[in-house]
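Read-outs: derived from the displayed coordinates by stated rules, not from any lab. Since we're looking at a predicted model, the values are computed, not measured. Here the Cβ positions follow ideal geometry from the backbone for every residue, glycine too, while neighbour counts run over all protein chains shown.
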Amino acid sequence: VQLQASGGGSVQAGGSLRLSCAASGRTIRRYNMGWFRQVPGKEREFVAAIPWIGGSTSYADSVKGRFAISRDNARNTVYLQMNSLKSEDTAVYYCAADTVRLVPGRVESEYDYWGQGTQVTVSS
């Protein structure tokens, strides 16, 4: 499966962006999906995940209450709505697919496929 992340850009603190992750080559209907982010010099960190069936979405504490992950299986797309953005949200955002587990994880190694990343820059 190929994942294409888009929707990044530059925004002022307090603003909003919606990232999209379009999948091709295979349906993601049975895959857990996640968003991670990375800043230069740091490890990639978990942001949010959504299970393929039932269950609850999960979020990093730093984005809880501000970000919302959702999916549209008919469009083979996952979204990350980001509100009340802060300068510390500046990073390259990656979407990822977990094709194995029943419950989505928070660890990079638990995901099998990755998109190319989209830059989000929040200015204060």
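So here's what we get for this one:
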{"quantity": "For segment 1-71, the spread of Cα positions along each principal axis, largest first, Å", "calculated": "35, 25, 25"}
{"quantity": "Distance in nm between pseudo-label sites at Arg30 and Lys86 (7 Å out along the Cβ direction from Cα)", "calculated": "4.0 nm"}
{"quantity": "Relative contact order of the chain, defined on C-alpha pairs under 8 angstrom at six or more residues apart (%)", "calculated": "37 percent"}
{"quantity": "Calculated FRET efficiency for the pair Ala74/Leu102, C-beta based, R₀ 35 Å, to 0.05", "calculated": "0.95"}
{"quantity": "Options Ala22, Gly8, Thr90, ranked by Cα towards positive dipole end of the chain, top entry (Cβ charges)", "calculated": "Ala22"}
{"quantity": "Kirkwood Rh in Å, taken over the chain so that all alpha-carbon pairs contribute", "calculated": "14.2 Å"}
